[in-house]
Amino acid sequence: MDREGKPVEDWATDYDLFDPEYVEDPKPVWKDLRERCPVAHTTRWGGSWMATRYEDVQQMVRMVPELSSRSVTVIPPSPELREELIAEAKEYGSENPPITSDPPLHKPYKQLILPFFTPKATEGYRQFTEDLCHQLIDRIIDKGECDAAADYAQQIPPRVIATILGIDPARGDDFTEWTQGVLEFGQTQPELRSKYRRIIREFFTELVAQRKKDPGDDVISTLLASEVEGEPVNEHTVVGICNLLLVAGIDTTWSSIGAALWHFAGHAEDRRRLASEPALFPTAIEEMLRFYGPVMMARKVLEPVEFGDASMCPGDKLLLNFPAANHDPEVFDRADEVVLDREQNRHVAFGIGIHRCAGSNLARMEMDVALRIWFERIPEFELSDPDAVSWAGGQVRGPRSIPVRFPT
Ligand code: HEM
């Protein structure tokens, strides 16, 4: 890890996920790599390979067991956390199933959680989400300005997922802090990742113990009463699943809502068009997901893999750059343009294959509600200070501050 902070000379052999210009606009780098070196390599941040073409990513998600999901974070854990994870995995199995599981155990774990996120189950939280969005807008509408990321986008997903998990939505700010601790700041500061992982696990360990004593009809009680391969799911694993469900839907969804608001604040023509043609919301949301897909995932190489010019060895990390794949001109016409009424849009923002996002119905519902209500109540808005916009990058890319102004 000795090159962090040094300028990149060649993105094909030395990419830097945290390079500020790349975080702000990765499209030129993706284009260069797709054309010149579709599976790039770096020794930065623990070292990894990175695939940027749509077809390659499609193939790689199917390369199981050579490419394993046992480690899906784009930056490896610190040596201490790694030891802890290995010891826990030996005793209890996969850390956060299903995302860290491989076949054959992946499927039964995924089946445990899918019923909580069907379109019907998700619609059950639409009213809550609508009320929440109205309350958030009530707080800002008379001011004529706000931070569309911090005051709005960021506030929604933690409260919705808390409600689904049967935990107190009023603690939304804690859940945001924990998620950022693990997934955002924890990427480059390993001590934060360990600290917040511990906080989340302790929180759910306590809740699991309570629900065990006093079961209800909530997600945790349902998981505690479930079996996988004829065995009750152990409490350590229930804590791991809850941890996953809490963090997987927070900065991902808020990044998508935020990126969309940032786009419309800076592109008046698209904003006016969506405000005057609400029938475009479904295709516009898919286009926002394609264009600003926030999530990149990793795989751990378990067996030697030759892929094009890349020779991957056991122990290597491979990044599946779903956001880059979504800009592949081989698959998408006018790939680097936002087309609000794009009809064919087979984007991979939610991943593909067996690990495809379990929360995609929920994420789409939250985006739909958040954007419709914003547009209903604040149809005219623009960036008030474009230089103050800031983005987070790495595993999840999205705007963290979007100062906007609007007529009162
Ligand atoms: C716009 C928002 C979201 C995006 C872009 C997104 C993206 C992704 C991606 C790319 C994967 C694939 C992982 C892989 O291949 O290794 C994934 C998996 C997953 N996501 Fe999401 N996600 C979003 C929201 C949510 C929400 C709201 C939840 C709800 C809790 C959620 C829960 C999960 C779970 C449980 C998995 C693991 C599925 C499996 O391993 O089979 N996600 N997500």
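The set of residues from segment 31-54 being within 16 Å of the ligand (Cβ to nearest atom) and either in a helix (DSSP H, G or I) or over 17 Å from GLY293 (Cα atoms) (or both) comprises SER48, TRP49, TYR54. The lone criterion from (1) more than 15 Å from the ligand (Cβ to nearest atom); (2) touching a residue at least 40 places away in the same chain (Cβ under 8 Å); (3) crowded, with 16+ Cβ neighbours inside 10 Å left unmet by HIS134 is number (3).
Among helices (runs of 4 or more DSSP H) lying entirely in segment 227-292, which contain 3 or more residues that are under 22 Å from VAL389 (Cα atoms)?
Values: elements: 235-248, 251-266, 268-276, 281-292.
Of the helices (runs of 4 or more DSSP H) lying wholly inside segment 227-292, those with at least 3 residues that are under 22 Å from VAL389 (Cα atoms) span 251-266, 268-276, 281-292.
No other residue among VAL61, VAL57, VAL8, VAL23 is more than 20 Å from LEU183 (Cα to Cα), surrounded by 15 or more Cβ atoms within 10 Å (Cβ to Cβ), in contact with a Gly (Cβ under 7 Å, 6 or more places away or on another chain) and not hydroxyl-bearing (Ser, Thr, Tyr) apart from VAL61. Screening GLU177 against (1) within 16 Å of the ligand (Cβ to nearest atom); (2) out of contact with any Gly (no Cβ under 6 Å at 6 or more places or on another chain); (3) at pLDDT 90 or above leaves a single unmet condition, (1).
Looking across THR129, THR118, THR100, one residue alone is more than 18 Å from the chain's Cα centre (by Cα) and farther than 22 Å from SER401 by Cα. It is THR118.
Mind telling me which of the residues ASP214, ASP218 ends up being of a type outside the set (Val, Ile, Thr), within 16 Å of the ligand (Cβ to nearest atom) and surrounded by fewer than 18 Cβ atoms within 10 Å (Cβ to Cβ)? Steps first, please.
Details: ASP214 fails: within 16 Å of the ligand (Cβ to nearest atom).
Within the list ASP214, ASP218, the selection yields ASP218.
When ARG197 is tested against (1) surrounded by fewer than 20 Cβ atoms within 10 Å (Cβ to Cβ); (2) touching a residue at least 40 places away in the same chain (Cβ under 8 Å); (3) basic (Lys, Arg), just one condition goes unmet, and that condition is (1).
The values are calculated or read from the model by the stated rules, or taken from the named source; none is laboratory data. As the structure is a computational prediction, the values presented were derived from the model and not from experiment. Neighbour counts run over all protein chains shown; Cβ positions are idealised from the backbone, glycine included.
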